[in-house]
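Accompanying notes for the structure given below.
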Amino acid sequence: MWGELHESKTINIELPEVISSGAANRMLKELGMTLHYDVYSFEAKEYENWQSQSLLYLQLRRNGLEVDAQDDFDEIEVSYLLATRPSSDQTLALKTIEKIIIKFNGVATYQGEKFEFKAVQNDWDSCNRYLLQEWGEEPGNKELRRMIEENYA
């Protein structure tokens, strides 16, 4: 069993009001999101077969409960799969998250603190360093993916 592998990092975006699924779909599509039945994602332009195909995944919530893309919502939970994407994707992921925050006029938090690009990148850089120093692996490589799968086997 492996220890902390920093599989996923989450940013929560609270919206000022409930938004309809129709308006949200249009807005998310304008940002380049893809809808997969009931989940939105921002697809990676390139990926190896062991890497996540998506840069970001969005979960929608209303009154704290998870809802599908067909439902109205008042919160977006954005997940970045840090361990299964190359670290070179991190800036693009954070810039895309900033665009979501602005587009929805939301208030975002990361680990309970106000979302600030530089602070989040600093934390992710610490995770990158940890993975390199502790496990000898960098985000997005095949061996780290194997380690993650072993954690859940």
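Lysine pairs in the chain with Cα distance under 27 Å, only those 8 or more apart or on different chains: how many are there?
Here the count comes out as 27.
Using Cα atoms only, what is the angle between the long axis of helix 21-30 and the major principal axis of the chain, expressed in degrees (0 to 90) to the nearest 10?
The angle comes out at about 50 degrees.
Excluding ligands, DNA and RNA, what is the solvent-accessible area per residue of the chain at a probe of 1.4 Å, expressed in Å²?
Accessible area per residue: 55 Å².
Can you bin the chain into rounded, prolate or oblate? Criterion: square roots of the alpha carbon gyration tensor eigenvalues sorted a ≥ b ≥ c, rounded for a/c under 1.5, prolate for a/b above b/c, oblate for the rest.
Judged from the Cα gyration tensor, the chain comes out prolate (a/c at least 1.5, a/b above b/c).
List, in order, the whole-Hz ³J(HN,Hα) value for each residue of segment 124-130 obtained from phi through the Karplus relation with A = 6.51, B = -1.76, C = 1.60 and θ = phi - 60°; use x for Gly and Pro.
Working through the residues one at a time gives 5, 5, 5, 5, 4, 4, 4 Hz.
Explain nothing, just the number: dipole magnitude of the chain about its Cα centre with +1 on each Lys and Arg Cβ and -1 on each Asp and Glu Cβ, in debye rounded to the nearest 20.
In debye, rounded to 20, the chain gives about 440.
In segment 27-125, what percent of the accessible surface is made up of carbon and sulfur (1.4 Å probe, ligands and nucleic acids excluded)? It would help to have the intermediate numbers written out before the result.
Details: 2480 of 5280 Å².
Reported share for carbon and sulfur atoms: 47 percent.
Would you mind checking the tilt of helix 142-151 against the longest principal axis of the Cα atoms of the chain, expressed as 0 to 90 degrees and rounded to 10?
80
Sort segment 50-108 into rounded, prolate or oblate with this rule: let a ≥ b ≥ c be the square roots of the eigenvalues of the Cα gyration tensor; rounded if a/c is under 1.5, and if a/c is not under 1.5, prolate when a/b is larger than b/c, oblate otherwise.
It comes out oblate by the Cα gyration axes.
Measuring from centroid to centroid over Cα atoms, what is the spacing of segment 80-139 and segment 11-64 in Å?
Comparing the Cα centres of segment 80-139 and segment 11-64, I get a distance of 16 Å.
The values are calculated or read from the model by the stated rules, or taken from the named source; none is laboratory data. Just so it is clear, the structure is predicted and the values come from calculations on it, not from any experiment. Reconstructed Cβ throughout: ideal geometry from the backbone, glycine too, with neighbour counts over all protein chains shown. All accessible areas refer to the heavy atoms of the entire protein, side chains included, with ligands and DNA or RNA removed. Shrake-Rupley method; radii C 1.70, N 1.55, O 1.52, S 1.80 Å.
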